[in-house]
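Asker: This is the structure, below, for whatever I ask next.
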Amino acid sequence: MPCRASYKQSCDAGGTGGRRICPRCARPLIHAGSAVAAPRRRDVAAWRALSVLLHAGVGFHKSYCGGPGYRPRTLREVRERTTYARRSGEPFARALVRPEVP
């Protein structure tokens with residue numbers, strides 16, 4: 001089970017080839033972007049929703065407009081968007097960042 005930790009780090013990986021290791025569990029870290037708002041460690045449902053986003057390739061990188069845009073925060077919002085993606089044929093990652101599901 002993942003340790004549900006987040007760390008703000010500089011973009012320079014310090015000669016590790018871009019790979020960083022979690023100091024808590026020694027597993028590789030996922031670069032989520034500088035605009036990610038990590039949930040509290042005990043909020044398992046929010047971490048599951050964040051995990052779905054990150055494993056789908058959805059990042060939290062700042063854009064020229066100031067932020068990453070809409071990202072679902074709950075498992076319900078994730079489920080709504082994955083159901084929509086399956087039914088409509090829209091790519092999964094694109095459906096996840098839709099503010100509204102038709």
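Asker: Over the chain, what percent of the accessible surface lies on carbon and sulfur atoms, probe 1.4 Å? Write out the running numbers ahead of the final one.
Answerer: Details: 3780 of 7260 Å².
It is 52 percent, rounded to a whole number.
Asker: Another question about this same structure. Among Pro23, Pro68, Pro39, which one shows the highest mean-square fluctuation when the chain is modelled as a Gaussian network with alpha-carbon springs under 10 Å?
Answerer: Result for the chain, Cα springs under 10 Å: Pro23 fluctuates most.
Asker: Ignoring chymotrypsin sites (Phe, Trp or Tyr not before Pro) that are buried or in helix or strand per DSSP, and keeping those with at most 14 other beta carbon atoms within 10 Å, what is the longest stretch of the chain between them? Present the calculation step by step, with values, prior to reporting the outcome.
Answerer: Working: sites that count: Tyr7, Tyr64, Tyr70.
Of all site-free stretches, the longest is 8-63.
Asker: So what J values fall out for segment 26-31 if you push phi through Karplus, 6.51 cos²θ - 1.76 cosθ + 1.60 with θ = phi - 60°, rounded to Hz, Gly and Pro as x?
Answerer: These are the phi-based 3J(HN,Hα) values: 6, 8, x, 7, 9, 7 Hz.
Asker: Just Arg41, Arg71, Arg87 to compare: in a GNM of the chain, with alpha carbon springs under 10 Å, which one fluctuates most?
Answerer: Checking each option, the largest mean-square fluctuation is seen for Arg87.
Asker: Mean-square fluctuation check for the chain, GNM, Cα pairs under 10 Å: which of Gly89, Gly57, Gly69 is largest?
Answerer: Gly89
Asker: To test your reading of the geometry: what angle, between 0 and 90 degrees and rounded to tens, separates the Cα axis of helix 75-88 from the longest principal axis of the chain?
Answerer: Its long axis makes an angle of about 60 degrees.
Asker: Return the calculated 222 nm mean residue ellipticity for the chain, to the nearest 500 deg cm²/dmol, obtained by summing -39500 (n - 2.57) across DSSP H runs with n ≥ 4 and dividing by the residue count.
Answerer: Numbers: 3 runs with 31 residues, N = 102.
Computed mean residue ellipticity for the chain: -9000 deg cm²/dmol.
Asker: Next up: With θ set to phi - 60°, apply the Karplus curve 6.51 cos²θ - 1.76 cosθ + 1.60 along segment 56-62 and write out the HN-Hα couplings as whole Hz, x wherever there is a Gly or Pro.
Answerer: 8, x, 7, x, 10, 9, 5
The values are calculated or read from the model by the stated rules, or taken from the named source; none is laboratory data. For clarity, every value in this text was computed on a predicted model and none was experimentally measured. Glycine gets a Cβ as well: all are built from the backbone with ideal geometry, and neighbour counts include every protein chain shown. Accessible surface areas use protein heavy atoms only, side chains included; no ligands, DNA or RNA. Shrake-Rupley method; radii C 1.70, N 1.55, O 1.52, S 1.80 Å.
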